[in-house]
Structures are given as C-alpha cells and as structure tokens.
Amino acid sequence: MRHQPTLDPRIRTVFRVAELREALAPARREGRTIGLVPTMGALHDGHLSLIERARAECDLVVASLFVNPAQFNERSDLERYPRRQERDAELAADAGARVLFAPSAEEVYPPGFATTVEVLGVTDRLEGVVRGSAHFRGVSTVVTKLLCMALPDVAYFGQKDAQQVVVIRRLVTDLNLPVRVEVCETVREADGLAMSSRNALLSPEERSRALALPAALRAASEHAADGERSAAGLLDAARAAMLSFEVEPEYLALVDPETLEPCDTLAGEALLAVAARIGQVRLIDNAVLRPAGASAPRPPLPGKAIA
C-alpha cells in the first residue's frame, strides 16, 4: 500500500526510520519520556485506550501503523486486513499521539533482510500450535525492530493478545532492551465482545455468533466464583457456552499466565484462553481466573466495556 502524509496538523506522519528518529530526537534530548503504541492500524477503542494510557504517562506518544506480513499465515487474511491510514491518524491524534510511524514493508524488511527473532517455549502453545512457529517469529521480529527504531521508554500492549504479551516480555528481558512493557486491560463492546480490527469483517449473523467467546469466559468465571477449581470443570462450562452459539473452539485452555503451561486445577491465577473461527474470521480472547474467595474480584465479564 502506498502511504500518504496525513492532513491532520496535530500529528506528524513519518514513513522512514530516519524520519522517525529525527521526529523523536528533540524529546529525547530534552529528557522527555517517549511512549510507543505498536498497532496494525484499523484503530478502535482498544487501541485508543493504549494511546490514552501512554499520553497520561509519557511526554510524547508515537503510534506505529504497520500491517506486518511476517505474522500472517494466510495471504487472504493479510489482504483482507482493514487499512485506513487517514482515519487512523485522526483517531490517534484525538487520543494524544503526536507522531504516527507508518513504514512500508520494504522499510521494515529491506532487500537482503535475513535476521529474525525467535522466543522459544512460550511460542509452542496455543496460537503457536494453530499458526505455527513462523507467526511468533514474525511478531517477535517486528516488535524488536519497532523498539529499536523508536527507542521508547515505555511500550504499551493490550491484554487481549495475552500470549503475545508473554512473548514480548520474554524477548525484552532476554535481549536486555531498555524499555518498560505496560499491559492494558481488554476493551470490550457493550455486549462483551473484545474489540478487534477483525470484528469489522463479521457479517451481522457472524457478529452475533462471535459472542460465543465472551460467553465462554463468563461461564468459566462464574463457575470459578461458585467454587469450581478443576480445569476440566471450568473448560466444560466454557465449551458448553460456546456450543450454545453453535461455535466450536479452535482451542480452549486453562494455562499458567507466565509460562502458558496447562493447569489441572485453579490454585492461583490462571489464564483462560480461547480461539475460534466465525465464518472466515478468526478471533481470540482470554480472561484471568482466580479461585473463589481470592482477592481482586472480577466483574461478570472480564475487561473494560465501551458502551
């Protein structure tokens, strides 16, 4: 896609790494904190909440807009992914970003590019099983590149992509990257569906069936609150909720939130992760479950809702 400069005077759009560094240089010289919000565009309230959080905590916010071809398994999925740079620039500016980095694929992966970043272990599960090792190599490589390009003090990611967050935290630690990773809670539609750029690809009928994912999380959360502690019991409740929408999960797992190893019982915090295809659209979601009586009570549907 050929990028065009934004007409919004509140935000500076740059396309090359040299331009990005030049745009951030004054803030860096002045010792101001820089926050980075990496996105693939088609911004929604979930992305905007990350930008708003960054603006509240940092002096200058840069949002990146790059549909990363290296993390797509299916070319059709890459081609269908929504792209709307001008609208994204306006929304990002409204939320508080002042620099928009929208590089081309050639800028990120120039001719002769031959380096990848791979995090082992936590990438072998959940999304790694379905999408293969190339997916997380693509994610890890592009995030590492974006962090090196922008050199932010803080980078912001959403909890909806829970496994991605685990991977990014690991690579930041292992590579000694000088950035703090902040994770913000999932933002949801009023009916509980986690906000995703892919939601726009759902037909009205598919949009209704997509509620199977938050229904699964709600069912498991309610069973945990009622005292259920076995993973089998919690997963059975979640699966039954999904099947009531005639949706079969691609995976449904209760795992340790740090290692992503399967849990047999809910002894402490555990991550309930789910993925499903609704028509041609693949959606993921998750929630943190805790045993009955544990601190930090959960709302009926985990996450922050936007009416």
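The values are calculated or read from the model by the stated rules, or taken from the named source; none is laboratory data. For clarity, every value in this text was computed on a predicted model and none was experimentally measured. Counting neighbours? That spans all protein chains shown, and the Cβs are built from the backbone with ideal geometry, glycine included. Remember, those area values only see protein heavy atoms, side chains included, never the ligands or the DNA or RNA. Shrake-Rupley method; radii C 1.70, N 1.55, O 1.52, S 1.80 Å.
Of all accessible surface on the stretch 5-90 at a 1.4 Å probe, what whole percent is carbon and sulfur? Write out the running numbers ahead of the final one.
On the way: 2040 of 4160 Å².
The nonpolar share, carbon plus sulfur, comes to 49 percent.
Under a Cβ-only charge scheme (Lys and Arg +1, Asp and Glu -1), can you give me the dipole magnitude of the chain about the Cα centre, in debye to the nearest 20?
Values: 36 positive and 42 negative charges, 156 e Å.
Result for the chain is approximately 740 debye, rounded to the nearest 20.
Of the listed peptides 195-207, 217-229, what is their order by residue-averaged count of other C-beta atoms within 10 Å, with the highest listed first? Provide the component values of the computation, followed by the final result.
Numbers: 195-207: 16.6, 217-229: 19.5.
Taking the mean over residues of other Cβ atoms within 10 Å, the ranking is 217-229, 195-207.
Would you check the accessible area of VAL129, probe 1.4 Å, heavy atoms only, in square angstrom rounded to 10?
Surface open to solvent at VAL129 totals about 110 Å².
Would you mind getting the accessible area per residue of the chain, heavy atoms of the protein chains only, 1.4 Å probe, in Å²? If you can, show how the numbers build up before the last one.
Working: 13910 Å² over 307 residues.
Solvent-accessible surface per residue comes out at 45 Å².
At 1.4 Å probe size, put LEU243, LEU283, LEU177 in order of accessible surface, largest to smallest. Provide the component values of the computation, followed by the final result.
Values: LEU243 85, LEU283 10, LEU177 35 Å².
Descending accessible area places them as LEU243, LEU177, LEU283.
Please quote Rg/Rh for the stretch 165-286 to two decimal places, taking the Kirkwood radius as Rh and restricting both calculations to Cα atoms.
Details: Rg = 15.7 Å, Rh = 15.6 Å.
Taking Rg over the Kirkwood Rh, I get 1.01.
Could you list which residues have their amide H under 5 Å from that of THR13, counting only those 5 or more apart in sequence or on another chain, with H placed in the peptide plane?
Here THR6, LEU100 satisfy the definition.
Any idea what Rg and Dmax come out to for the chain if you just take the C-alpha atoms, in Å?
So, for the chain, Rg and Dmax equal 19.5, 57 Å respectively.
Over the chain, what is the relative contact order in whole percent, taking alpha-carbon pairs under 8 Å and six or more residues apart?
Values: 572 pairs, mean separation 50.9, N = 307.
Answer for the chain is 17 percent.
Angle, helix 85-95 long axis vs. longest principal axis of the chain, Cα atoms, 0 to 90°, nearest 10?
80
Per DSSP helix of 4 or more residues, -39500 (n - 2.57); summed, then divided by the residues of the chain. What does that give at 222 nm, rounded to the nearest 500?
Working: 11 runs with 116 residues, N = 307.
Dividing the helical sum by the residues of the chain leaves -11500 deg cm²/dmol.
Per the 1.4 Å probe, what fraction of the accessible area of the stretch 142-286, in percent, lies on carbon and sulfur atoms?
Numbers: 2950 of 5950 Å².
Of all accessible area on the stretch 142-286, carbon and sulfur atoms account for 50 percent.
With axes computed from alpha carbons, what is the tilt in degrees of helix 17-29 against the longest principal axis of the chain, rounded to the nearest 10 within 0 to 90?
Rounded to the nearest ten degrees, it is 90.
Suppose a student asked you for the relative contact order of the stretch 1-146, using Cα pairs under 8 Å spaced at least 6 residues apart; what percent would you report? Please list the in-between numbers first.
Numbers: 216 pairs, mean separation 44.3, N = 146.
Relative contact order of the stretch 1-146: 30 percent.
Taking Cα atoms, how many degrees apart are the long axis of helix 212-225 and the longest axis of the chain, rounded to 10 and kept between 0 and 90?
The angle comes out at about 60 degrees.
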